[in-house]
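The values are calculated or read from the model by the stated rules, or taken from the named source; none is laboratory data. This is a predicted model, so every value here is computed, not measured. FYI the Cβ positions are ideal-geometry reconstructions off the backbone, even for glycines, and counts take in every protein chain you see. Surface areas here come from the heavy atoms of the whole protein model, side chains and all, with no ligands, DNA or RNA. Shrake-Rupley method; radii C 1.70, N 1.55, O 1.52, S 1.80 Å.
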Amino acid sequence: MKAIVVSRYGEPELLEVREVEDPQAGEGEVLIKIVATALNKRENRTSPPPGASLYPGLECSGIIEAVGSGVSKWKVGDEVCALLGGGGHAEKVNVPAGQVFPIPKGVSLQDAAGIPEVACTVWSTIFMSVHLSKGETLLIHGGGSGIGTFAIQIAKAKDVKVFITAGNDERVKKCIELGAADGINYKTEDFVERVKALTCSKGVDVILDIVGAPYLNRNVEALAVGGRLFIIGLQEGATGDINLSPVLGKHLTVAGAGLRNRTAENKAQIVQEVLEHVWTEIEAGKVKIVIDEVFPLERAAEARRALESSHFGKILLTP
């Protein structure tokens, strides 16, 4: 089969399409013939965790081609999408059966490729971990990203008031159209001041952050009493100082987690929660996957450059 091989992690030009050995469905796994896969920024910055596929691609959609021993829920021919530890940027991938989803009603097989990673990331962090609840306020950094566009919609569907930051006024406008109550252009406005103005000086209850170190103290300042900061990305740096006085004084929680390094058992648990709490909102039309562009596998480097620039929502690859 064809797959994207990364000769060295970092630059898009290092992505190459090569002929590689076909994967096999092992015990407890299914083999998916891929219809589409999605790009994610974090996967191109570091090598895969032990035991994961050497090929990039953290989610996909497709048709089950083979079923390993011990799998009873899925059968050959089922149309599915899946959360992967890697290997999605290829023509086929094997995946634990517990990380497979049915295609939501009303979503095309191709577009469903952009759902699993964002849905599992958003639900496992701000809902399962820090318990974002009805009536609370949420600030999302990077509102125009795949994560951001999905988080806006699912949070609104759960009766949460959403604010976002984005890099230009057009992206802010698009995020508001998706359901954000207001948006902040971080290049022209101080997000802490705007958050305070938007919340009558209270601050927000939860922040979902992809930036990392440079925003650490400013995020703490923007949180309300009892607020929770959840870090899922380190796009601008991993090491920074933090003023702990407001953490103690405001009873704050600062947490972080990735998705890729979790165990298969933990991922299966997340998948079940997403099926219960998120799939229903997608099928009701309250949450839509936002697709910016679709590229063929051979143009993966071009797609990666688009991801690093001005995309809005998800970018897909098709074999």
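With the simple spin-label model, which puts each label point 7 Å out from Cα in the Cβ direction, the residue 201 to residue 185 separation comes to 2.8 nm.
Among residues other than residue 314 with Cβ under 12 Å from its Cβ, the summed charge is -3 (Lys and Arg +1, Asp and Glu -1). Rolling a 1.4 Å probe over the heavy atoms of the protein chains gives the chain an accessible area of 42 Å² per residue. Taking amide hydrogens as placed 1.01 Å from N in the peptide plane, the amide H of residue 139 sits under 5 Å from those of 163, 206, 207, 208, each at least 5 positions away in sequence or on another chain.
I need the shape label for the stretch 45-116. Rule: rounded when a/c is under 1.5, else prolate if a/b > b/c, else oblate, with a, b, c from the alpha carbon gyration tensor. Verdict is oblate for the stretch 45-116.
Take the Cβ-Cβ distance between residue 193 and residue 217 as r, set R0 to 22 Å, and report the resulting FRET efficiency rounded to the nearest 0.05. Here the calculated transfer efficiency is 0.95. Once the Cβ-Cβ distance of residue 18 and residue 272 is raised to the sixth power relative to R0 = 30 Å, the FRET efficiency obtained is 0.25. Overall form of the stretch 1-144: oblate. Here a/c, set by the Cα gyration tensor axes a ≥ b ≥ c, is 1.5 or more, and a/b is not larger than b/c. Considering only 198, 295, 263, and ranking their Cα positions along the charge dipole of the stretch 196-319 that arises from unit charges at the beta-carbon of Lys, Arg, Asp and Glu, the one farthest toward the positive end is 198. Charges were assigned to the Cβ only: +1 to each Lys and Arg, -1 to each Asp and Glu. The resulting dipole of the stretch 216-319 about its Cα centre is roughly 140 debye. Placing unit charges on each Cβ (+1 for Lys and Arg, -1 for Asp and Glu) gives the chain a dipole about its Cα centre, and among 285, 32, 219 the Cα reaching farthest toward its positive end belongs to 219. Computed from the Cβ-Cβ distance with R0 of 45 Å, the FRET efficiency linking residue 263 to residue 159 stands at 0.90. Separation of the stretch 218-246 and the stretch 252-284, taken as the distance between their Cα centroids, equals 22 angstrom.
Dipole check for the stretch 123-227: with +1 at the C-beta of Lys and Arg, -1 at the C-beta of Asp and Glu, and the Cα centre as origin, the magnitude is about 160 Debye. Separation of the alpha carbons by more than 25 angstrom is noted, of 174/314; 161/250; 161/314; 33/158; 41/250, for 33/158; 41/250. Surface composition of the chain: carbon plus sulfur atoms hold 49% of the accessible area, using a 1.4 angstrom probe and ignoring ligands, DNA and RNA. Computed about its Cα centre, the charge dipole of the chain is approximately 640 debye, with only Lys, Arg, Asp and Glu carrying charge at their Cβ. In summary, the aspartates and glutamates within cross-link reach of residue 267, defined as a Cα separation below 18 angstrom excluding same-chain residues under 8 places away, comprise 27, 29, 43, 59, 117, 276.
Peptide packing: for 97-104, 137-144, 113-120, 248-255, the average count of neighbouring Cβ atoms within 10 Å per residue gives the ranking 113-120, 137-144, 97-104, 248-255, highest mean first.
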